[in-house]
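A.B. asks: Could you have a look at this structure, given as structure tokens, before my questions?
The values are calculated or read from the model by the stated rules, or taken from the named source; none is laboratory data. This structure is a prediction, so every number in the text was calculated from the model and none was measured. Glycine also receives a Cβ, built like all others from the backbone with ideal geometry; neighbour counts cover every protein chain displayed. Areas reflect the complete protein model, heavy atoms only, side chains present, ligands, DNA and RNA absent. Shrake-Rupley method; radii C 1.70, N 1.55, O 1.52, S 1.80 Å.
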Amino acid sequence: KVYQITLIPGDGIGPEVTSAARKVLAAAGVVIDWEMVDAGAGAINKHGTTLPDETIESIRKNKVALKGPLTTPIGEGFKSVNVQLRKTLDLYANIRPVRSALGITFQHKPIDLVIFRENTEDLYAGLEYEIAPGVTQSLKIITEKASTRIARAAFEWARQNKRKMVHAVHKANIMKKSDGLFLDCVRKVAKEYPEIAYKEIIVDNCAMQMVMRPDQFDVVVLGNLYGDIISDLAAGLVGGLGVVPGANIGDEVAIFESVHGSAPDIAGKGVANPIATILSANMMLRHIGEGKAADRIQAALVLFLAERKHLTPDLGGRATTDELVDGLIEKIKML
Ligand code: NAI
Ligand code: MG
């Protein structure tokens, strides 16, 4: 079977890490006809926009995309491309599994939590105003519809994957209306899943708890901004942004991408860690029904990391992206 999938190489380290992921999928025997399209800062010269129509059309047609990080030029009147993509395609759930099973961890107890971040509203609605000289306002939009569907996505995933607990993260003690509505919605959904324990935690306490006792978390559902911050924090517990994958899921379309950005500080040097993108591609394989290939890549990665050889600098090694990929592919071939 040949799959047709959209590929957005992206900016900065994007082309390096997405081409690494393509090599790994090919080595695992998955045949993909990649439809390459542009987005981000790199698309401006060719298309005059950071998000060309043909990119959206390709994703709508193929329903699945793998994406590198995109740079949004600051202060030139460009809206965040990522936010635009997620809103245009209604990719309301951003799912980020954070696991220490790969063997990289600074904690004693294993970490295996999954973050469900609302992806379409909150302070990311982009409604910002200067209401008087020296006075600005950003609007935090929270709706019943978006809060309910991210809650349902989290609980549904928890049920299907036999997870035991969902935490809702909030600051409803201060933002009584907006975070209050979010909590009301999650509570209602929680009642439909009596077999799953439900807890609420205030976001600042959540940050501390996640550092001190991350093993108490299982599935975590958050609004857009808290989700952004807490997922980077969680990534830091298991080896950093170089190893945490993600998926942006809607009812029609899914885009798979790592949590990290375009890393301009290391772009073009050939030392970016491709594992986050490889694991994102793995989530994509499970999504399209290639679970066996995903299992094989995952197993190879565990073997590979256990040797502590060919690690990129962010993981304390001296290997290049290519050396890491070659080492991983060697393991895939052995399995
Ligand atoms: P970043 O994630 O690009 O970098 C943060 C730090 O982590 C840097 O020191 C970087 O070198 C390191 N890092 C990130 N990924 C790595 C990898 N795979 N291997 C090794 N080291 C890695 O975050 P930053 O600097 O805040 O953002 C840079 C640009 O990326 C901005 O333009 C931002 O808008 C964009 N961005 C895009 C995202 C996306 O497309 N999904 C997500 C986050 C940021
Ligand atoms: Mg982020």
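A.B. asks: What accessible surface, in Å², does a 1.4 Å probe find on Met212, ignoring ligands, DNA and RNA and rounding to the nearest 10?
C.D. replies: 130 Å²
A.B. asks: Let me cross-check Glu307: its accessible surface, 1.4 Å probe, with only protein heavy atoms counted, in Å² to the nearest 10?
C.D. replies: Per-residue accessible area (Glu307): approximately 90 Å².
A.B. asks: State, to one decimal in nm², a quarter of the convex hull surface area for the C-alpha atoms of segment 12-113, i.e. the direction-averaged projected area.
C.D. replies: 9.0 nm²
A.B. asks: Can you compute the FRET efficiency between Asp112 and Met208 using 1/(1 + (r/R0)^6), with r the Cβ-Cβ distance and R0 = 22 Å? Round to the nearest 0.05.
C.D. replies: E(calc), rounded to 0.05, equals 0.65.
A.B. asks: Between Asn45 and Asn161, what is the spin-label point distance in nm, taking each point 7 Å from the Cα along the Cα→C-beta axis?
C.D. replies: That separation, rounded to one decimal, is 4.0 nm.
A.B. asks: Would you mind checking which residues have amide H under 5 Å from Gln4's amide H? H placed 1.01 Å from N; only 5 or more apart, or other chain.
C.D. replies: The answer is Asp33.
A.B. asks: Another one. Of the listed peptides 57-63, 323-329, 249-255, what is their order by residue-averaged count of other C-beta atoms within 10 Å, with the highest listed first?
C.D. replies: Working: 57-63: 16.7, 323-329: 20.1, 249-255: 18.6.
For the peptides 57-63, 323-329, 249-255, the packing ranking is 323-329, 249-255, 57-63.
A.B. asks: Just check segment 106-237 against the gyration tensor rule for me: Cα atoms, a ≥ b ≥ c as the square roots of the eigenvalues, rounded for a/c under 1.5, and otherwise prolate or oblate depending on whether a/b exceeds b/c.
C.D. replies: Oblate shape, in that a/c is at least 1.5 and b/c is the bigger or equal ratio.
A.B. asks: List, largest first, the extents of the alpha carbons of the chain along their principal axes, each in whole Å.
C.D. replies: So the three principal-axis extents are 54, 49, 39 Å.
A.B. asks: Hey, can you find the accessible area per residue of the chain for me, probe 1.4 Å, expressed in square angstrom?
C.D. replies: Accessible surface, normalised per residue, equals 45 Å².
A.B. asks: Here is a further query. Please name whichever of Val220, Ile266, Ala65 sits farthest to the positive end of the charge dipole of the chain, dipole taken about the Cα centre and charges placed at Cβ: Lys and Arg +1, Asp and Glu -1.
C.D. replies: Val220
A.B. asks: For segment 182-335, what is the largest minus smallest coordinate of the Cα atoms on each principal axis, given in angstrom and ordered from greatest to least?
C.D. replies: Principal-axis extents of the Cα atoms in segment 182-335, largest first: 49, 34, 27 Å.
A.B. asks: Same structure, new question: Ranked highest first by the average count of other Cβ atoms within 10 Å around their residues, in what order do 117-127, 8-18, 42-52 fall?
C.D. replies: In descending order of packing, they fall as 8-18, 117-127, 42-52.
A.B. asks: Give me the net charge for the shell around Ser58: Cβ to Cβ below 13 angstrom, other residues only, Lys and Arg +1, Asp and Glu -1.
C.D. replies: Working: positive: Arg60, Lys61, Lys63, Lys67; negative: Asp33, Glu35, Asp38, Asp53, Glu54, Glu57.
The answer is -2.
A.B. asks: Taking every DSSP beta bridge that has both residues in segment 84-225, what percent is antiparallel when rounded to the nearest 5?
C.D. replies: 50 percent
A.B. asks: Collect residues whose amide H, placed 1.01 Å from N in the peptide plane, falls under 5 Å from the amide H of Val221; neighbours closer than 5 in sequence don't count.
C.D. replies: For Val221, the qualifying residues are Phe116, His167, Ala168, Val169.
A.B. asks: Among residues other than His47 whose Cβ falls under 10 Å from its Cβ, what is the net charge (Lys/Arg +1, Asp/Glu -1)? Show your work: numbers first, answer last.
C.D. replies: Values: positive: Lys46; negative: Asp38, Asp53, Glu54.
Here the charged neighbours net out to -2.
A.B. asks: Quick check: at a probe of 1.4 Å, how many percent of the accessible area of segment 106-237 sits on carbon and sulfur atoms?
C.D. replies: Its accessible area is 58 percent carbon and sulfur atoms.
A.B. asks: Can you tally the lysine pairs in segment 204-335 where the Cα-Cα distance is under 23 Å and the two residues are eight or more apart, or on different chains?
C.D. replies: Lysine pairs meeting both conditions in segment 204-335 amount to 5.
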